[in-house]
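The values are calculated or read from the model by the stated rules, or taken from the named source; none is laboratory data. On a predicted model such as this, the values are computed, not experimentally measured, just so you know. Cβ placement follows ideal geometry from the backbone for every residue including glycine, while neighbour counts extend to all protein chains displayed.
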Amino acid sequence: MKAKLILSGLLTLLLVASVVSADNTVYLEPQTVYVPECGDATVQIRLNSTDTIDTWSTRVEFGSECVNITDVSFAEGITSEYANWGHHAGYIYLGGVSPDGATGDHLLVTLTVECVDGSCGSVDLSIVGGTDERLIAGPGGNDPPHATIYPATWMGGSAQIVGCGDVNCDVDVTPADAGKAFKRYLDSGYPLDLPWAVDVNCDGSVTPADAGKIFKRYLDSSYVLECCCE
């Protein structure tokens with residue numbers, strides 16, 4: 001309740017605060033989050049600021065027919081003590097306040113994105129900013145005292161729904177996916193965007209058998225792959 005009252009009061013203050021020009025960016029990391037067709041994945045919202053920022057708020061919009069944001073964690077962010085969020089149809093609204101202002105690149109919040117419809121492919125995750133209460137604000141050091149609103153660049157991204165066997169996350173299962181699976185078998189450090197998609201027999205390891213099954217799926221779209229799903 002205390003966090004809600006603090007956020008409410010500060011967001012009201014933003015509406016009467018002065019506006020200045022600055023170089024601040026709110027962005028998703030990674031820009032594309034790969035989400036298993038039967039699971040979820042996490043994505044960060046980060047702030048890179050040249051101004052000292054103590055208050056932020058924004059809205060994240062998503063295609064609710066394809067994905068859902070099921071959890072929001074402020075625990076590791078710069079406003080972990082005073083932060084809140086609300087879930088609505090097709091978007092979440094969230095923000096936070098820090099007793100100490102911060103500059104540079106910092107984590108604001110971590111979102112959990114869950115797949116709703118595995119056939120959707122790519123889904124926009126839009127970070128909404130504008131000229132109203134969704135602007136970030138810095139500490140008040142003015143006479144008379146009032147907050148200063150700093151404009152920002154708001155960089156959204158996307159959630160890519162990934163099917164079992166789609167190792168390169170391009171929507172289709174092809175020989176290229178089988179090749180990547182075999183490379184992962186040869187080198188456990190071989191990078192994959194979503195390792196979940198390569199273990200197509202759900203035995204906890206990547207072997208030539210996975211590459212073979214992926215190639216069979218390419219030859220026959222009805223061939224069943226069995227990645228691990230809860």
Looking at (1) at pLDDT below 90; (2) more than 30 Å from TRP56 (Cα to Cα); (3) surrounded by 17 or more Cβ atoms within 10 Å (Cβ to Cβ), can you tell me which one GLU230 breaks?
(3)
Matching residues in region 56-71 - criterion: being charged (D, E, K, R), within 25 Å of THR153 (Cα to Cα) and surrounded by fewer than 18 Cβ atoms within 10 Å (Cβ to Cβ)
GLU61, ASP71
Report whether or not GLY129 is within 17 Å of the chain's Cα centre (by Cα), modelled with pLDDT under 80 and over 30 Å from VAL200 (Cα atoms).
yes
Take region 48-65 and flag every residue that is closer than 20 Å to GLY86 by Cβ and part of a strand (DSSP E or B).
THR55, TRP56, SER57, THR58, ARG59, VAL60, GLU61, PHE62
Return the total of residues in region 163-217 being touching a Pro at 6+ places or on another chain (Cβ under 8 Å) and small (Gly, Ala, Ser).
1
Please name all residue pairs, on different chains or six or more residues apart, with Cβ atoms under 6 Å, provided the first residue is in region 27-47 and is farther than 23 Å from ILE78 by Cβ and the second residue is among the aromatic types (Phe, Trp, Tyr) and surrounded by fewer than 18 Cβ atoms within 10 Å (Cβ to Cβ).
none
Test VAL97 against the stated conditions and say whether it is farther than 30 Å from VAL167 by Cβ, in contact with a strand residue (DSSP E or B) (Cβ under 8 Å, 6 or more places away or on another chain) and buried (at least 16 other Cβ atoms within 10 Å of the Cβ).
yes
Tell me whether region 72-86 contains one or more residues that are surrounded by 16 or more Cβ atoms within 10 Å (Cβ to Cβ) and under 25 Å from CYS38 (Cβ atoms).
yes
Please verify whether ALA22 is outside any helix (DSSP H, G or I), under 26 Å from LEU125 (Cα atoms) and at pLDDT 95 or above, treating the condition exactly as stated.
no
Determine whether GLY77 is of a type outside the set (Ser, Thr, Tyr) and in contact with a His (Cβ under 8 Å, 6 or more places away or on another chain).
yes
